1. Given the structure, is Ile69 surrounded by fewer than 21 Cβ atoms within 10 Å (Cβ to Cβ), under 22 Å from Arg183 (Cα atoms) and not assigned by TED's automatic domain parsing to the domain that holds Met283?
2. Assuming Gln305 fulfils every condition listed in (1) outside any loop (DSSP other than H, G, I, E, B); (2) within 27 Å of Pro113 (Cβ to Cβ); (3) polar (S, T, N, Q) apart from one, which condition is it?
3. State whether the residues of the stretch 182-191 include one that is hydroxyl-bearing (Ser, Thr, Tyr), in contact with a helix residue (DSSP H, G or I) (Cβ under 8 Å, 6 or more places away or on another chain), touching a residue at least 24 places away in the same chain (Cβ under 8 Å) and more than 16 Å from ligand 2 (Cβ to nearest atom).
4. Report, by residue number, each residue of the stretch 71-90 that is under 18 Å from Val41 (Cα atoms) and either assigned to a strand (DSSP E or B) or more than 16 Å from ligand 1 (Cβ to nearest atom) (or both).
5. What number goes with the only condition from (1) among the aliphatic types (A, V, I, L, M); (2) open to solvent by 60 Å² or more (accessible area, probe 1.4 Å); (3) part of a loop (DSSP other than H, G, I, E, B) that Met195 does not pass?
6. Can you tell me how many residues in the stretch 122-140 are within 16 Å of ligand 2 (Cβ to nearest atom) and either of a type in the set (A, V, I, L, M) or open to solvent by 50 Å² or more (accessible area, probe 1.4 Å) (or both)?
7. Scan the stretch 91-114 for residues that are within 16 Å of ligand 1 (Cβ to nearest atom) and either over 30 Å from Asn207 (Cα atoms) or open to solvent by less than 10 Å² (accessible area, probe 1.4 Å) (or both) and jot them down.
8. Being in a loop (DSSP other than H, G, I, E, B) and surrounded by 15 or more Cβ atoms within 10 Å (Cβ to Cβ) is the filter; apply it to the stretch 205-240 and report the residue that is farthest from ligand 1 (Cβ to nearest atom).
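The values are calculated or read from the model by the stated rules, or taken from the named source; none is laboratory data. Computed from a predicted model, the values in this text were never measured in an experiment. Quick reminder, even Gly has a Cβ in these numbers, built from the backbone with ideal geometry, and neighbours come from all protein chains shown. For accessibility, only protein heavy atoms count, side chains too; no ligands or nucleic acids. Shrake-Rupley method; radii C 1.70, N 1.55, O 1.52, S 1.80 Å.
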Amino acid sequence: MSKSLIQFIIEEQRHIPGATGDFTGLLSDIVSACKQIAHDVNKGALIGVLGSAGSENVQGETQKKLDIITNEVFIKANEWGGHLAAMASEEMDDILPIPAKYPKGKYLICFDPLDGSSNIDVNISVGTIFSILRAPEGVENPTAADFMQPGTKQVCAGYALYGPATMIVLTSGHGVNGFTLDRDVGDFFLTHPKMTIPADTAEFAINMSNQRYWEKPVQRYVEECVKGKDGGREKNFNMRWVASMVAEVHRILTRGGIFMYPFDTKDPAKAGKLRLMYEANPMSFIVEQAGGASSTGRERIMDIQPSGLHQRVPVILGSKNEVERVVGYHKNA
Ligand code: AHM
Ligand code: MG
C-alpha cells in the first residue's frame, strides 16, 4: 500500500534539522479541511449547497453559497491547532487573526477555499489553493503587511482538486507530489510521486473571448499556436479552457501545457484576473518545482514584491520552453 500524505510529510520532515512537527500538524489540519470541502462539493444539490449566496466579496464578485461554506470550513479546521499566527482568504476583506482562545503558531496561510467557483453549479472540477509563509521573526500579532512576502518565501504551496477523483498536490520546495483521496479509507495516498512538467508542449489554455483585449506579444503567440504548422510553428496545437485554474494546472502537471491569464485592457484598473497571494504564487511555486516556468510576461511571478492582499497579476505558466517563448515575445515588443 502506498504512503499516506501525513506519513510522507513526517518522513520528509525527519531530514530537516530542528523541525518541530508544527508543519506536519498544519498540513494535517489542511488535509482535514480539504476532506470536508470534498464532501460538501461532492454532495452538491443533495445538501442544498449549490447556487448564489446573494452577496459579494471584497473584489465585487458574486459569492456562491459554497464560496462562503468552504471558507468557513477552511478557517474552522485551521484556527485551533496552534500552528498559525493569521490567515488570509480570497473571500475575506482583511486578514483573520487567530482567535485569542487558541494558541498562536509561527505560520501564515493564504488560501482560496474554492477556486473556479463559476464551475460549481455545472458540476465541473473546482479546487482549493493554499500558500504557507512564515510569520516574520518576533511578530505575534501579524498585520496584512506581514503577509507581503514574495512567492520565493513560501514554505509550502498546494492545491486540492475536486474532480472525478479528489487529489492534493503539494510542494515544500523539494519537488511536487500528488496524493489521491481514498474515500473508503478516508485518507490521501501518494499516487503521483515526483510530478514533472515536460519542457515542450502542443497544448495551450487561454480564455479566447478576451483576445481583443490582449497585448501584442500574447496576440502573436496565440495566433501562431492557432496557425500551427501553417504559420511557421513546427507543430499543430490543441486548446483547452476549463475556467478552473486548479484543473488547468493539474492537466499541465500531468501532460504538459501552457496556461495564460495575461494582462488585458478589459478593465484597466486590474493588472490581470488572478490573485497573486492565493492563486499565482502557490501555483508558480508548484509549477517551478515541477520543472516548469511562471511569469507575468515581464517578470518571474515569485519575485514580485506584493503590495496588497488582493493584488492581481498576469499569469503565464507551464512548460518551460513555451513560457520562455512568450516572455521572449514580451522582450521583443
Ligand atoms: P475565482 O477565484 O473567482 O473562481 O476566479 C478564478 C478562476 C480561475 O480558476 C480560472 O482560471 C479563471 O477564473 C477563469 O476565468 P474566466 O471565467 O474569465 O475564463
Ligand atoms: Mg480563485
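1. Numbers: surrounded by fewer than 21 Cβ atoms within 10 Å (Cβ to Cβ): yes; under 22 Å from Arg183 (Cα atoms): yes; not assigned by TED's automatic domain parsing to the domain that holds Met283: yes.
Here the answer is yes, as Ile69 does meet what is asked.
2. So the condition that Gln305 fails would be (1).
3. Taking the stretch 182-191 as the starting set, the residues that turn out to be hydroxyl-bearing (Ser, Thr, Tyr) are 191.
Those still in the list that are in contact with a helix residue (DSSP H, G or I) (Cβ under 8 Å, 6 or more places away or on another chain) too: none.
Within the stretch 182-191, not a single residue is hydroxyl-bearing (Ser, Thr, Tyr), in contact with a helix residue (DSSP H, G or I) (Cβ under 8 Å, 6 or more places away or on another chain), touching a residue at least 24 places away in the same chain (Cβ under 8 Å) and more than 16 Å from ligand 2 (Cβ to nearest atom).
4. Glu72, Val73, Ile75, Lys76, Ala77, listed by residue number.
5. For Met195, the exception is condition (2).
6. Of the residues in the stretch 122-140, the ones within 16 Å of ligand 2 (Cβ to nearest atom) are 124-131.
Checking which are either of a type in the set (A, V, I, L, M) or open to solvent by 50 Å² or more (accessible area, probe 1.4 Å) (or both) leaves us with 124, 126, 129.
Adding up the residues that qualify gives 3.
7. Going through the stretch 91-114, the residues within 16 Å of ligand 1 (Cβ to nearest atom) turn out to be 91-93, 110-114.
Scanning the stretch 91-114 gives Cys110, Phe111, Asp112, Pro113, Leu114.
8. Arg233
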